[in-house]
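Here's the structure, in structure tokens; my notes come after.
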Amino acid sequence: MAKDIRERSIDPASREMLSIAQRAGIETAWDRFEKQQPQCGFGELGLCCRNCNMGPCRIDPFGEGPVKGVCGATADIIVARNLLRSIAAGAAAHSDHARDVAMTFQLLVEGKAPSYGIKDQAKLERLMKEYGVDTPAALAEAVLAEFGKQKGPIQFTRRAPAKRLELWQRLGIEPRGIDREIVECMHRTHMGVDSDYVNLILHGLRASLADGWGGSMIATELQDVMFGTPAPTFSEANLGVLEPDQVNVIVHGHEPLLSEMIVAAATDPELMERAKAQGAAGINVAGICCTGNEVLMRHGVPTAGNFLQQELAVATGAVDAMVVDVQCVMPALGALTGCYHTKFISTSPKAKFPGMTHMEFHEESALQTAKEIVSAAVMNYKNRDPSKVHIPDIKSKCMVGFSVESIVGALGGSLDPLLGAIKSGAVRGIGAVVGCNNPKVQQDYGHVNLVLELIRNNVLVVNTGCNAQACAKAGLLLPEAADLAGEGLKGVCKALGIPPVLHMGSCVDISRILVAAAAIANALGVDISDLPAAGAAPEWMSEKAVAIGAYVVGSGVFTVLGTVPPVLGSQAVAGLLTSGAKDVLGATFAVEPDPMKAAALMIDHIDSQRQKLGI
Amino acid sequence: MKEIFVRLDRCQGCKSCEMACAVQHSASRNLYGAALEKPGPVRRLYVESAEGMKVPLVCRHCEDATCVAVCRTGAMSQDPVTGVVDRDVTRCVGCWMCAMICPYGVIGQGAEKRVAVKCDRCPDLDVPACVDACPSGALVYATQGEFMELMRKAAATKIAREAKELARA
């Protein structure tokens, strides 16, 4: 195997497929990343402003050339504005996803979305009580109103500890409405508006909180109501979940609205029969990215891999349909699927791609569309070119489905056993590890090593997104993985029969981590920023991750980033994020590409928090 | 001898070459470290714009270079083998004779000292940092013969295409 392939990923399935792709002359994100080198230094430092047509302007980071844009914006202003726009985009992505979920919920209660049902009645009733409404229709109305509210409050922010909420109010960053905060980001960063980097970043925090405690949380809660709150279940992960003799349908993207229907359609007797008639042994649905996580968490649908494996899955030659919705779908899939028999099916009116077959999905006719999509995959099975089929025989078992409700369930009905374990020191603290893949980091190297180092040091890990998939592939989501943990954590996991690394879901499900953090803080009578807990995003790349990082730090959790955010062009902004925020929010960012050193930073933080709590 | 050539039509004015040059001549030799250095590192080539075009200017390391000829202290010298014109910082007194005679204006000043700073063609690198950083192929590191071959091929392709189009018409 070529050295550069080993350097691209630690995942043996990825390495095997990269070899195959290289021999076949297939280009992947890693190749394109290499062709992008060197990447623009102004962009890397956040020093390019394209917000008006007097520009584009660039600030010379060395102070020799221009130190101000045409309008007079300094490095501090430009870096802060760019950061705010990233937060706005990330918050918009999560929240627009949530809007679709809420609108589907409304159609459902109005009887206009017959494909859907209520799967978690108890959660529905809890939410109605939380919102102070008597009917599901009123709940739908109230939740949808969160998006267009002008004066707040966003109901779920009331789940935060009172101290945190008071802090947000004192700083003037309590979100007033999801859409309002995103719109205001765009207004403030328009030419000639907010030109104070602190003021800009404070609003960025407000917009991000509208995502974490608004959009993302709404998506999670209503998805649970409609599709069921995840409960522990077993499944498998990695490219080896693709079946050589079955119709393989990959669901990729982020929203479960369609993929839930695809999963249902795949068991439709008529379609199963049709698959058999085409010579296939069955219909196999597998997931990639967070659409994959959603159906993995709720149905144990196997996951074919994380973000950087989307192209490698197609390169197996065994994917009959790559069905995508929104977010993290590489446009490169169009040209790539053209090299294989794979049907590239886009489904969202918001996201069309080159080389796609567009089969638009609407809530009113969801199951019917899903059946048509699965049928297209079935009819494509016979077009597979056996000479191009290569499925790595590599997959790992995983235990998934750890919603807050199921964690409390696993603990025997209350958080007390976990609090007891934290107080006794058996569990040193909690590490939340999330985020994407990024070809700047050897695939999964940051994820797996950081998590391993944390559990070795008795830090219980909760994770979501591509990190959860990396850990699933590495076998860390199994109760047996407790053997890799330190003695204290190992004992707790063995007693409860749980893995040392708990898969809490998709990116929007980081809201579950917020809920858990708030519940633990409330139980201890402290703020989230007092907890022996830390966050990390070792391989992050998307704007959603920027919004997540902002709301996690804004909620009081120290967070370590594994790739450098484009803010180092301003020492003032970088200083605010990495140290100044401590006195204001009780939490900061740190940047540390080495996962071992990142773990050490998190553990040091956890230890100092323990000391302050006197435990 | 390889030299730095410019394909003017390809320059997008992104100034990546300038940045890479400054980083290569910084103490830390990486972007993030260089951005924190005080004083900042100094670039040795310049992307200018004139007549609506973007024009990277870099020392041509002229034969019998006039900057060497006018240097009174012997700080500026030309390597007889490589032809690279460089200056000895310990001998430079900042009289700027070189700057006044240079037809390209590519003699800069050190960030801290009043001494001449110019392209040294990155003696530690196989390919100078500016060429390596250029995302559009505007900067080419090649011998004069290689560069002319490159340009001939480009010209031949263009002529052939035009001829084909004419024939079709």
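The values are calculated or read from the model by the stated rules, or taken from the named source; none is laboratory data. Everything quoted here is computed from the prediction, not taken from an experiment. Note: ideal-geometry Cβ built from the backbone for every residue, glycine included; neighbour counts use all protein chains shown. Remember, those area values only see protein heavy atoms, side chains included, never the ligands or the DNA or RNA. Shrake-Rupley method; radii C 1.70, N 1.55, O 1.52, S 1.80 Å.
Could you please let me know if A:E130 is within 28 Å of A:K544 (Cβ to Cβ), open to solvent by 40 Å² or more (accessible area, probe 1.4 Å) and either of a type in the set (A, V, I, L, M) or not assigned by TED's automatic domain parsing to the domain that holds A:H190 (or both)? It is false that A:E130 is within 28 Å of A:K544 (Cβ to Cβ), open to solvent by 40 Å² or more (accessible area, probe 1.4 Å) and either of a type in the set (A, V, I, L, M) or not assigned by TED's automatic domain parsing to the domain that holds A:H190 (or both). Residues in region A:36-46 that are more than 27 Å from the chain's Cα centre (by Cα) and either part of a helix (DSSP H, G or I) or crowded, with 22+ Cβ neighbours inside 10 Å (or both): A:G41, A:F42.
Being farther than 24 Å from A:G465 by Cα and under 27 Å from the mean Cα position of the chain (by Cα) holds for only one residue in A:T303, A:T342, and it is A:T342. The residue pairs whose first member lies in region B:66-78 and is without any contact (Cβ under 8 Å) to a residue 12 or more places away in the chain, whose second member is part of a loop (DSSP other than H, G, I, E, B) and open to solvent by less than 50 Å² (accessible area, probe 1.4 Å), and whose beta carbons are closer than 8 Å, counting only pairs six or more residues apart or on different chains, are B:S77/B:C71.
Output the residues belonging to region B:123-158 that are within 20 Å of B:D86 (Cβ to Cβ) and open to solvent by less than 30 Å² (accessible area, probe 1.4 Å). Within region B:123-158, B:P128, B:A129, B:C130, B:V131, B:L139 meet the criteria.
Scanning region A:164-177 for any residue that is in contact with a helix residue (DSSP H, G or I) (Cβ under 6 Å, 6 or more places away or on another chain), without any contact (Cβ under 8 Å) to a residue 60 or more places away in the chain and buried (at least 24 other Cβ atoms within 10 Å of the Cβ) turns up at least one such residue. Total residues in region A:283-304 satisfying the condition of being out of contact with any Phe, Trp or Tyr (no Cβ under 6 Å at 6 or more places or on another chain) and open to solvent by 10 Å² or more (accessible area, probe 1.4 Å): the figure is 7.
Residue-level check: of (1) modelled with pLDDT under 95; (2) open to solvent by less than 60 Å² (accessible area, probe 1.4 Å); (3) within 31 Å of the chain's Cα centre (by Cα), A:R58 misses just (3). Could you look through region A:20-35, keep only residues that are away from every other protein chain (no Cβ under 14 Å) and under 28 Å from the mean Cα position of the chain (by Cα), and pick out the one that is most open to solvent (accessible area, probe 1.4 Å)? Among those residues, the one meeting the criterion is A:E27. Just one of the listed residues (A:A89, A:A93) is under 18 Å from A:R188 (Cα atoms), out of contact with any Cys (no Cβ under 8 Å at 6 or more places or on another chain) and either in the same structural domain as A:L139 (by TED's automatic domain parsing) or not basic (K, R) (or both), namely A:A89. Does A:A160 fit the bill of being of a type in the set (G, A, S), open to solvent by less than 30 Å² (accessible area, probe 1.4 Å) and in contact (Cβ under 8 Å) with a residue 24 or more places away in the chain? Yes, satisfied.
Condition check ((1) under 30 Å from B:A75 (Cβ atoms); (2) of a type in the set (K, R); (3) assigned to a strand (DSSP E or B); (4) more than 14 Å from the chain's Cα centre (by Cα)) across all residues:
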position: B:P123; (1), (2), (3), (4): yes, no, no, no
position: B:D132; (1), (2), (3), (4): yes, no, no, no
position: B:V140; (1), (2), (3), (4): yes, no, yes, no
position: B:M148; (1), (2), (3), (4): no, no, no, yes
position: B:A155; (1), (2), (3), (4): no, no, no, yes
position: B:I159; (1), (2), (3), (4): no, no, no, yes
position: B:A163; (1), (2), (3), (4): no, no, no, yes
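Of the helices (runs of 4 or more DSSP H) lying entirely inside region A:60-151, those containing at least 2 residues that are within 14 Å of chain B (Cβ to nearest Cβ) and either charged (D, E, K, R) or touching a residue at least 40 places away in the same chain (Cβ under 8 Å) (or both) span A:75-109. In summary, strands (runs of 3 or more DSSP E) completely within region A:486-574 and bearing 3 or more residues that are out of contact with any Gly (no Cβ under 8 Å at 6 or more places or on another chain) and open to solvent by less than 20 Å² (accessible area, probe 1.4 Å) occur at A:501-505. Taken over region A:1-15, the criterion of being under 26 Å from the mean Cα position of the chain (by Cα) and among the acidic types (D, E) is satisfied by A:E7, A:D11.
The residues on offer are B:R10, B:R44, and the sole one that is modelled with pLDDT of 90 or more and not small (G, A, S) is B:R44.
The number of residues in region A:354-370 that are of a type outside the set (S, T, Y) and crowded, with 20+ Cβ neighbours inside 10 Å comes to 5. So B:V127 passes all but one of these: (1) assigned to a loop (DSSP other than H, G, I, E, B); (2) within 14 Å of chain A (Cβ to nearest Cβ); (3) out of contact with any Lys or Arg (no Cβ under 9 Å at 6 or more places or on another chain). Which condition number does it fail? The one condition B:V127 does not meet is (3). Put simply, of A:P595, A:P566 the only residue that is in contact (Cβ under 8 Å) with a residue 24 or more places away in the chain, within 14 Å of chain B (Cβ to nearest Cβ) and not β-branched (V, I, T) is A:P566. Within region A:152-176, can you find the residues that are acidic (D, E) and part of a helix (DSSP H, G or I)? Within region A:152-176, just A:E166 meets the criteria.
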